[in-house]
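Bear in mind that the values in this text are calculations on the coordinates, not laboratory data. What you see is a predicted model; the values in this text were computed from it and never measured. Note: ideal-geometry Cβ built from the backbone for every residue, glycine included; neighbour counts use all protein chains shown.
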């Protein structure tokens, strides 16, 4: 499963099953015959963008390698309420024991993908990337980031070791040191491939940061007028082959009400924490036939 390259999905699944089952599924083991085989389906109970069927298949496989799981749609596909999204066959005990964990993954990831798609569709007329943030459920970041991509979004830095992102709290600690040293000292300590981004909250800070020319400037919680002014200032800079003007990322206070207006201003990126911290899980059920 190469879309989850940085972790072993089986470890996450085993942990989730252990959390849910404990020592054993007392109910199922007590009342369901060991050799009873059944057919089942996964059913979407609301419109959504499906995501996580491969994870669900892996959950059942970890629980019982003989379970047959057949997805009927692809991750990223828009589906309507009432759509059967997968068929399952195997021992009833195994299917019932793994049911909740499989559904939790599919419901959560479909929720992230669905919300992301809404934002992506809202900003389609503009050349802007909808980005996630590090506001994710601990231990599930890789999966949630996958769901963002399935929804049509893009991933910001996955981990702290991927880029230099100087935020307001960093600046509070170092004071004016950043403006004194510029990026020369920073660049000596990092690979040339690593990008540098700086967060600003006002146009005054923006103009100051422009002088040290980072790769990206994050416009944090700026209103529409300020964002437009920042873009105009940036666009009026003389292009330099060796030192291109920075890309601009809008962040903070982004909602479906204002994302289209912000996109229309001309920023290259919009980062939205709500993609992974304020989504609604999709209602999906497992039905024994």
- Item | Inter-label distance for residue 285 and residue 221, nm, one decimal - labels placed 7 Å from Cα along Cα-to-Cβ | 4.3
- Item | For the chain, calculated [θ]222 nm from helices alone, where every DSSP H run of n ≥ 4 adds -39500 (n - 2.57) | -12000 deg cm²/dmol
- Query: Taking Cα atoms, how many degrees apart are the long axis of helix 92-122 and the longest axis of the chain, rounded to 10 and kept between 0 and 90?
  - Reply: 30
- Tilt of helix 224-235 relative to the longest C-alpha principal axis of the chain, in degrees (0 to 90, nearest 10)? 60
- Item | Computed label-point distance, nm, for sites residue 176 and residue 188 using a 7 Å Cα→Cβ extension | 2.2
- Query: Can you list, bin by bin at 5 Å, the percent of alpha carbon pairs in the range 1-116, starting at 0?
  - Reply: 2, 11, 21, 23, 20, 13, 6, 2, 0
- q = 0.15, 0.24 Å⁻¹: log10 I(q)/I(0) that the Debye formula gives for the range 163-272, counting C-alpha atoms only: -0.64, -1.45
- Query: Build a GNM of the chain with springs between Cα atoms under 10 Å: which of 106, 259, 38 gets the top mean-square fluctuation?
  - Reply: 38
- Message: Connecting C-alpha atoms closer than 10 Å in a GNM of the chain, tell me which of 170, 156, 277 has the biggest fluctuation.
- Response: 170
- Query: What is the fewest-to-most order of 97, 27 by other Cβ atoms lying within 10 Å of their Cβ?
  - Reply: 27, 97
- Task: Could you bin all the Cα-Cα distances of the chain into 10 Å bins starting at 0 and give me the percent of pairs in each, rounded to whole numbers?
- Result: 6, 24, 27, 19, 13, 8, 3, 0
- So how many Å³ per residue does the convex hull of the Cα atoms of the range 56-113 work out to? 82
- For the pair residue 10 and residue 126, the simple spin-label estimate (label points 7 Å beyond Cα toward Cβ) gives in nm 4.6
- Note on the structure: Taking Cα atoms, the helix 141-150 axis meets the longest principal axis of the chain at an angle in degrees (rounded to 10) of 80
- Query: Do you know the relative contact order of the chain, to the nearest whole percent, from alpha carbon pairs under 8 angstrom that are 6+ apart?
  - Reply: 23
- Could you give the distance between the Cα centres of the range 39-77 and the range 253-289, to the whole Å? 23
- Evaluate E = 1/(1 + (r/R0)^6) for residue 159 and residue 38, where r is the Cβ-Cβ distance and R0 equals 35 Å; express this FRET efficiency to the nearest 0.05. 0.25
- Item | Highest-fluctuation residue, 132, 168, 47 considered, GNM on the chain with Cα pairs under 10 Å | 168
- At a Förster radius of 30 Å, what calculated FRET efficiency corresponds to the Cβ-Cβ distance of residue 47 and residue 264, to the nearest 0.05? 0.65
- The alpha-carbon center of the range 185-204 and that of the range 122-146 are separated, in whole Å, by 22
